[in-house]
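Below is one structure, written out as structure tokens; the observations come after it.
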Amino acid sequence: MIRGNAQEGKITALFNFTDRPQSLSLEQGQYNELIRGEFINGKAITLGPWQCLWLS
């Protein structure tokens with residue numbers, strides 16, 4: 001997990017460098033997935049094999 005701050009707000013990057021799904025917990029809230037433009041609600045997320053997510 002990489003977190004950064006910019007003038008526009010916080011960005012969190014999540015990476016799964018394995019060939020298996022990985023589950024993790026986030027702070028409760030709504031996140032904008034920046035690559036696909038989708039919104040993610042909740043605090044539990046599962047990354048697929050080799051998946052990355054960029055959240056704001």
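The values are calculated or read from the model by the stated rules, or taken from the named source; none is laboratory data. Just so you know, these numbers come straight off a predicted model, no measurement behind them. Please note: Cβ atoms are built from the backbone with ideal geometry, for glycine as well, and neighbour counts cover all protein chains shown.
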Revision key, fill the gap. Taking segment 35-47 and keeping only residues that are touching a residue at least 24 places away in the same chain (Cβ under 8 Å) and either farther than 17 Å from D19 by Cα or exposed (fewer than 12 other Cβ atoms within 10 Å of the Cβ) (or both), one is left with T46
Point to revise | Of all residues making up segment 35-47, the number that are part of a strand (DSSP E or B) and not hydroxyl-bearing (S, T, Y) | key: 7
Practice item. Report, by residue number, each residue of segment 18-34 that is modelled with pLDDT of 90 or more, outside any strand (DSSP E or B) and exposed (fewer than 10 other Cβ atoms within 10 Å of the Cβ). Key: D19, R20
